[in-house]
Amino acid sequence: MYRSITAQDNKSSSDDASAVRATVTNYIEAYYTGNAARMEQTLHPHYLKHKIHGDIPMREQTGPQLVEDVRSGGGTHMAQAQRTEKVTVLDVARNIASAKLVTPGWVDYMTLSKINGEWKILSVVQRIDD
């Protein structure tokens, strides 16, 4: 079945892309500033991150582990000049989206899910640069 795309569909898609971008931005800014409550608001209940760093065996991090890391000041040690990011929304399809977050030290490939009208980060594959 073919469905035509209307102006309303385009507006909705644009609104969703903006909301996805805002969620990812809140995620990284929460990390940089040590704001655990703000971080927690961005995460899906089943959040899981896979960290890939050269020859080091892959590591996993759950949502509660990430929130605790942020609460302990995880990203606050970074120099202000390095606290930069580029967020690209790669795709939005109904209640699923993908985004890419580029920072000076790593790249996050993210999958987000829309729950109760809010975008939440479900999974991250993180490539850590040397």
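Considering region 94-105 alone, what residues qualify as being basic (Lys, Arg) and either surrounded by 14 or more Cβ atoms within 10 Å (Cβ to Cβ) or part of a strand (DSSP E or B) (or both)? Within region 94-105, just Lys100 meets the criteria.
Only a single item in (1) loosely packed, with under 15 Cβ neighbours inside 10 Å; (2) over 15 Å from the mean Cα position of the chain (by Cα) is not met by Glu118, and it is number (2). Confirm whether Ser123 is closer than 19 Å to Arg59 by Cα and assigned to a strand (DSSP E or B). Yes.
Checking Asp108, Asp130, Asp91 one by one, the residue that is assigned to a strand (DSSP E or B) and loosely packed, with under 13 Cβ neighbours inside 10 Å is Asp91 and no other. All told, Pro64 falls short of being loosely packed, with under 13 Cβ neighbours inside 10 Å and within 17 Å of Asp130 (Cα to Cα).
Here Gly74 clears all of (1) surrounded by 19 or more Cβ atoms within 10 Å (Cβ to Cβ); (2) more than 14 Å from Ile121 (Cβ to Cβ) except the condition numbered (1).
Residues considered: Asp69, Asp91. Of these, the only one that is under 21 Å from Val20 (Cα atoms), acidic (Asp, Glu) and modelled with pLDDT of 95 or more is Asp91.
The criterion of being among the hydroxyl-bearing types (Ser, Thr, Tyr), closer than 19 Å to Asp16 by Cα and touching a strand residue (DSSP E or B) at 6+ places or on another chain (Cβ under 7 Å) does not hold for Thr62.
The values are calculated or read from the model by the stated rules, or taken from the named source; none is laboratory data. Model, not experiment: these values are computed from the prediction. Note that each Cβ is placed from the backbone with ideal geometry, even for glycine, and that neighbours are counted across all protein chains shown.
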